[in-house]
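Below is one structure, written out as structure tokens; the observations come after it.
The values are calculated or read from the model by the stated rules, or taken from the named source; none is laboratory data. Not measured: the values here are computed from a predicted model. FYI the Cβ positions are ideal-geometry reconstructions off the backbone, even for glycines, and counts take in every protein chain you see. Please note that ligands, DNA and RNA were not included when accessible areas were found on the heavy atoms of the full protein model with its side chains. Shrake-Rupley method; radii C 1.70, N 1.55, O 1.52, S 1.80 Å.
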Amino acid sequence: YAGAVSIPVVVNILEDPAHPVTQAHIDSQIAILNADFNNNNPNTAGVPSEFASLVADVNITFTLAAVNRKASSKSSWGTNDAMKLSSQGGIDATDPANNLNLWVCEIGGGILGYAQFPGGTLATDGVVIGSDFLGENTAGGVYGHGRTATHEVGHWLNLRHIWGDGRCRQDDFVDDTPSSDAPNYGDPIYPTVNCKSNDMTMNYMDYVYDNAMYMFSKGQNDRMRTIFAVGGSRESFVQ
Ligand code: ARG
Ligand code: ZN
Ligand code: CA
């Protein structure tokens, strides 16, 4: 699907007073998503020439549709989707066939965020971001520049981790991302060689610091856009 895609975002916040989420955090996160999915991340100038022709403008726009807040003293929600269900103390999703629901809460366990892939249960569809990692957020440190949401929305749009979550021959189902056998962390020095090729460590679907990730590839763009085509798992977002 090649047309314009606009995704309304509903932000659901389980408010822990020790980790406040401000409107500025929310607005900066929407701006960061729009920059990253429209090839406007200023760090993209640092993409090595080897990968420069592969940088994608995914051309997806995110708009803030609503913000829902609910007080919560829970400091460790985990990853079992309780934050997505009012019956478990969370906030129910708003029309998930037509909105990206983004839950913000204290996940715990050192987890920055997690996502549901396309094609899953509608009631739990969306992404979860730890309270300190939404938007520009000084509490997030090296993960305080909004790239957890970019990475998780990549999963929500059907992207796998760049190393395929396995050894060299385990694929991420994208042809132009070089094979690798494990995540990269921190701020890698180019070139980082694994599986006899240079890793695309600056890809949003690696595990590096927020400021060290600044591209989706054209192959990833094609994989994301496929789900908006007729019969695709997120066709409902396209009118
Ligand atoms: N660990 C998380 C995941 O695999 C998110 C990683 C995000 N990385 C970042 N630099 N913010 O889904
Ligand atoms: Zn991931
Ligand atoms: Ca690949």
Q. Based on what the data block shows, is SER131 more than 17 Å from the chain's Cα centre (by Cα) and among the small types (Gly, Ala, Ser)?
A. no
Among residues of the range 213-234 being farther than 13 Å from GLY154 by Cβ and of a type in the set (A, V, I, L, M), the residue most open to solvent (accessible area, probe 1.4 Å) is VAL230
Being in a loop (DSSP other than H, G, I, E, B), among the β-branched types (Val, Ile, Thr), over 17 Å from the mean Cα position of the chain (by Cα) and buried (at least 16 other Cβ atoms within 10 Å of the Cβ) narrows VAL21, VAL58 down to just VAL21
Return yes or no: is ASP171 outside any loop (DSSP other than H, G, I, E, B) and either within 16 Å of ligand 3 (Cβ to nearest atom) or open to solvent by 20 Å² or more (accessible area, probe 1.4 Å) (or both)?
no
Restricting attention to the range 2-15, the residues that are at pLDDT below 95 and surrounded by 20 or more Cβ atoms within 10 Å (Cβ to Cβ) number exactly 0
Filter the range 140-156 for residues that are among the hydrophobic types (A, V, I, L, M, F, W, C) and within 12 Å of ligand 2 (Cβ to nearest atom); the one that is nearest to ILE26 (Cα to Cα) is ALA149
Of (1) surrounded by fewer than 17 Cβ atoms within 10 Å (Cβ to Cβ); (2) closer than 22 Å to TYR214 by Cα; (3) out of contact with any Ser or Thr (no Cβ under 7 Å at 6 or more places or on another chain), ASN41 fails just (1)
